[in-house]
Structures are given as C-alpha cells and as structure tokens.
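This report concerns only the one structure given below.
The values are calculated or read from the model by the stated rules, or taken from the named source; none is laboratory data. Since we're looking at a predicted model, the values are computed, not measured. All Cβ positions, glycine included, derive from the backbone under ideal geometry; neighbour counts span all protein chains shown. Please note that ligands, DNA and RNA were not included when accessible areas were found on the heavy atoms of the full protein model with its side chains. Shrake-Rupley method; radii C 1.70, N 1.55, O 1.52, S 1.80 Å.
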Amino acid sequence: MKLRKVSAAIATVLTLSLAATACGDGDSGSGGKKITIGIKFDQPGIGLKTQDGKYTGFDVDVATYVAKELGYEAKDIEWKQTPSAQRETMLANGDVKFIAASYSITDQRKEKVDFAGPYFLAHQDLLIRKDETGITKAEDLNSKKLCSVTGSTSAQNMKEKIAPKADLQPLGGYSECLTGLENKSVDALTTDDAILAGYASQKEHEGKFKLAGLKLSDEKYGIGVKKGDSDLKAKINKALEKMKSDKSWDKFVEANFGPSGYKSEPAPAIDAS
C-alpha cells in the first residue's frame, strides 16, 4: 500500500516537472525565456547605457514596447551593443533577435537583412563647434576634416554624394568623434540630426556645440530582423502600428527629444511590403 502511494507521488512530481519544462520552452517571455535585442550604447536620446547600467533612449523605448507585444516583459530583455559595422553580421549569426539602433533602411542593407517599419524619420546633419562660422553648407566640408562612424550610412553618403573631397575620418563610435570635435582634431561630426541633438543636449556638452541645420538626406529608421524572417517582421510591424495609434510613439519622442528642443518629423507610414 505504502509502495503504491510513493509511486503515485513520484509520478505526480515527474508530471509537474515535465509541465514546467514545457512551459519554459515556449515562445512567450512569461515562461522565463529571454529575448536579445541589439541597440546602441553610446547615443544619448537614442540608445545609451548609463554609468549605473541602465538603458535609455527612444530606440530603447520602442524596442521595449515591441518586445512586450511579442510576449516579453522588460525583465526578459537582454540588451546587446550593435556597432554600425556589425549589425548585419549579428542578425545573420542570430546574436540578436532584432535590432533597433538608429538603423537606416537602405537598398544595400535590404539585400542582407529585412526591415520592419520605418518607425522614425531623421535627416543627416552636422555637429560643429559653437563658434564655427566656416561651415554653412555641404560644399564647405570639402576642405574640412570630418568624422563619422565606420559602417554608417552618413559616412557613405558623405564620401559618395555630399562632400567627396572632405577628409573623412571614420572611427568606431560617435563618442570618439565628439572628443575629436572638442579638441579640434576634426571640424565636424556627421550623422543623423536626432543623434546629434542627443549629444548636444548632454549637460557636459551644453554650450559647446551646435547643429548646422542642414537636411542632407532622409534617414528612415527600421527594425532589422534576420533575412527571410517574414513572420517576425509582420509581428513587429503590427506592434509599431499599435505604438502609433495608442500615442506611445508621441510619448517616447517627447520624453527623449523634448528636453533638447529637437523637433522630429511626424511618425512615418509603415511599409508592410
């Protein structure tokens, strides 16, 4: 009799254990699964890892919203730094589930990855020193030292279209370019206006820099997913549509860009193709 009771108890424990294991293998974040999302760690207002280990910025807010719509809570997210030159490789290798990192949609990139969105429209611009008077138009850069980030659309645009004779110095991150601008080893930093506004509005940089105010290109930010993952792309697009309709997009813009005085374009239409 006792043996039968012990056997029944063991069977019950095994059943519960198997059920718990099955729940943990589900796609939802509620089962303890994690999702790895690629962002920038060094872009104030867009994607920034603070000194106390927190993550802030518009892309962070957007990615957190999207992850929740996919079934993951904020605590389920593992943030991973995705430098511009490594984004396509990290998606192809499965290092991240998706990337929200001021990732401009271009035909060249669409050959390697798929994009959900766009969810933001920025314009390439210049950050220059506050007392700079010699840069008022794109052509002025042909005789200047210009810094951008390796693998970025901004660097490619500048080299091929905007100022091909500029002394372009590509570095690993925007923070390095900013240091060069401050110590006068470069004359301007070029990237998207939203990113530049984030840097200019930091307390340690107040009064040092200004945006040139040149709309040198249109940059549509998309969420990058692995090439061929049409199901994930569709789910993210649905989440982005909801983010716009429930006004969360407006809230994220105001929270991240409002303090700098930067005026963003309205939320762009999402390309469902």
**Prompt:** Is it the case that some residue within the stretch 197-207 is within 16 Å of the chain's Cα centre (by Cα) and either of a type outside the set (Gly, Ala, Ser) or farther than 19 Å from residue 60 by Cβ (or both)?
**Reply:** yes
**Asked** For the stretch 137-175, how many residues are touching a residue at least 60 places away in the same chain (Cβ under 8 Å) and of a type outside the set (Gly, Ala, Ser)?
**Response** 6
**Message:** So, in the stretch 101-136, how many residues would count as being on the phi > 0 side of the Ramachandran plot and free of Cβ contacts under 8 Å to residues at least 40 places away in the same chain?
**Reply:** 0
**Test result for residue 150, open to solvent by 20 Å² or more (accessible area, probe 1.4 Å), among the polar types (S, T, N, Q) and within 19 Å of residue 219 (Cβ to Cβ)** = yes
**Prompt:** If we keep just the residues of the stretch 150-182 that are farther than 20 Å from residue 210 by Cβ and aliphatic (A, V, I, L, M), which is modelled with the highest pLDDT?
**Reply:** 168
**Request:** List the number of the failed condition for residue 273; all other conditions in (1) at pLDDT 95 or above; (2) more than 20 Å from residue 62 (Cβ to Cβ) hold.
**Result:** (1)
**Complete:** Pairing a residue in the stretch 47-72 that is closer than 15 Å to residue 232 by Cβ with any residue that is modelled with pLDDT under 95, where Cβ atoms lie under 7 Å and the two sit 6 or more apart in sequence or on different chains, gives 71/27; 71/28; 71/29; 71/30; 72/29
**Tabulated pairs, the stretch 236-250, first at negative phi and modelled with pLDDT of 95 or more, second hydroxyl-bearing (Ser, Thr, Tyr) and in a helix (DSSP H, G or I), C-beta under 7 angstrom, 6+ apart or interchain** = 239/65; 243/65; 248/65
**Residue list for the stretch 124-161, filter: out of contact with any helix residue (DSSP H, G or I) (no Cβ under 6 Å at 6 or more places or on another chain) and hydroxyl-bearing (Ser, Thr, Tyr)** = 133, 136, 143, 153, 154
